[in-house]
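Structure first, then comments.
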Amino acid sequence: NPVSQRADASPPEVPTLRPVVVTGRALHRDAPLRSSHRLFPRGQVLHGTPSSSKISLFQQCVRALRSGLLETAGQTARQSRGLSLAQPVGQPHARSKIYVQSQGVVTVPNAAFNWNTFLHQSGINQSADNLYIFLLVCGLRQVKDPLYLVDAFSEWHREEPNVYMVIVGPEVDPVFTREVEAKVQRTLGVRLVGEMPQGDLHAALKNCFAVVNSSVSEGMSAAILEAMDLEVPVLARNIPGNAAVVKHEVTGLLFSDPQEFVHLAKRLTRDPALERDLVARGTEYVRACHSWQAERHTYQSLIRTLEGSIQD
């Protein structure tokens, strides 16, 4: 009873509110998070490759806006330049809460990595000096479509036995992984390697001829950005997420079908000047637009903004 409290009694302890930052996936899956906006300030981060090619990061943002998830969210960060045109349908006041932050890139190749050993363990028993190795880095799931180029690449390998495609990545979808393994085992010129430590993967990227992305959908491909940072040319499937990063014949090469991929890959192997130009411009782009320091600053600002809303 407040009336009977002693004058010098300590006031009841009030719990300290802390800002909470959640990812788009967690926000949509977790009902308590969606309903807890009145208990603590919240920030939302939309990122990564959507689980379905039909659900882009842009659509995630629009869904959040329409469902009111951003009505009370302090700030939202999106890791894709392609989302800069997002139109907050029905909630124009939410625009001020949305920021586009390009993914920051840091590459640290393992100096002890042995490229020849890697090739041998991958079943490629030729001199590295005469090889053109195309690396496709992805988690093994359907949205990454790692088998998209396999048949066309194998036909090219029959013509030129010194070209290989190596698929590198962890098992994400076990059933689909078995399908990929079976296909690769019976396909000439294509190899499959499991998940690698990051330093080894960066070293492999640095040693390969080119990095390939064949995804059906991408938010912002880390492998593409890492390849550019490591001064390696990129060939990417022409989808919005990739086209937001790769400008055709400027920072990389974009293909729309397997036959075009082979045509561009052949051109790249035979045109050293094109390779040099793509590498130079790709490296310049990624270091100017994908600074890890800038990304860190964005998230620090997000936290400070949310902390400010507590004080208000």
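The values are calculated or read from the model by the stated rules, or taken from the named source; none is laboratory data. The structure displayed is predicted, hence computed values, not measured ones. Neighbour counts are summed over all protein chains in view; Cβ atoms, including those assigned to glycine, are modelled from backbone coordinates with ideal geometry. Ligands, DNA and RNA are excluded from the accessible area calculation, which covers all protein heavy atoms including side chains. Shrake-Rupley method; radii C 1.70, N 1.55, O 1.52, S 1.80 Å.
When the solvent-accessible surface of protein heavy atoms is calculated with a 1.4 angstrom probe, in what order do Glu231, Glu195 fall, highest first? Walk me through the numbers on the way to the answer.
Details: Glu231 100, Glu195 140 Å².
If we order Glu231, Glu195 from most to least accessible, we get Glu195, Glu231.
On the full set of protein chains, 1.4 Å probe, figure out the accessible area of Cys208 and give it in Å² to the nearest 10.
Surface accessible to solvent at Cys208 totals approximately 10 Å².
How large, in percent, is the carbon and sulfur part of the accessible surface of region 161-247 at a probe radius of 1.4 Å?
Details: 1580 of 3170 Å².
The computed percentage sits at 50.
Ordering His248, His120 by how much accessible area each has at a 1.4 Å probe, largest first, what is the list?
Working: His248 70, His120 120 Å².
My answer, sorted largest first, is His120, His248.
Gln300 to Glu155: extension gain in nm, 0.36 nm per residue of separation minus the Cα-Cα distance? Don't skip to the end; give the middle numbers.
Values: separation 145, 0.36 × 145 = 52.20 nm, distance 4.98 nm.
Between Gln300 and Glu155, full extension yields an extra 47.2 nm.
For a paramagnetic label modelled at 7 Å from the Cα of Asp129 toward its Cβ, which residues of region 160-202 fall within the zone defined by backbone nitrogen distances under 20 Å?
161-164
Please compute the length gained on full extension between Arg281 and Glu179, using 0.36 nm multiplied by the number of residues separating them and subtracting their Cα-Cα distance. It would help to have the intermediate numbers written out before the result.
On the way: separation 102, 0.36 × 102 = 36.72 nm, distance 3.71 nm.
Once the chain is fully extended between Arg281 and Glu179, it gains 33.0 nm.
For region 148-203, what is the convex hull (Cα atoms) projected area averaged across all directions, in square nanometres? Working shown, then result.
Details: hull surface 17.2 nm².
Over all viewing directions, region 148-203 projects a mean Cα-hull area of 4.3 nm².
Can you give me the solvent accessible area of Met196 with a 1.4 Å probe, rounded to the nearest 10 Å²?
Surface open to solvent at Met196 totals about 40 Å².
Just the projected area, averaged over all directions, of the convex hull on the alpha carbon atoms of region 115-290: how many nm²?
On the way: hull surface 36.1 nm².
Orientation-averaged projected area of the Cα hull: 9.0 nm².
Please give the per residue accessible area of region 188-312, computed with a probe of 1.4 Å over protein heavy atoms only, in Å².
Counting only protein heavy atoms, the per-residue value for region 188-312 is 44 Å².
Quick one: putting +1 on the C-beta of Lys and Arg, -1 on the C-beta of Asp and Glu, what dipole do you get for region 115-290 around its Cα centre, in Debye to the nearest 20? Please report the intermediate quantities before stating the final value.
Working: 16 positive and 23 negative charges, 10 e Å.
My answer is approximately 40 debye.
For His248 and Glu260 in one chain, what is 0.36 nm times their gap in residues minus the Cα-Cα distance, to one decimal in nm? Working shown, then result.
Values: separation 12, 0.36 × 12 = 4.32 nm, distance 1.28 nm.
3.0 nm is the gain from fully extending His248 to Glu260.
Net charge near Asn238, counting Lys/Arg +1 and Asp/Glu -1 over other residues with Cβ under 10 Å of its Cβ? List each step's numbers first, then the result.
On the way: positive: Arg237; negative: Asp257, Glu260.
Taking every other residue near Asn238 into account, the sum is -1.
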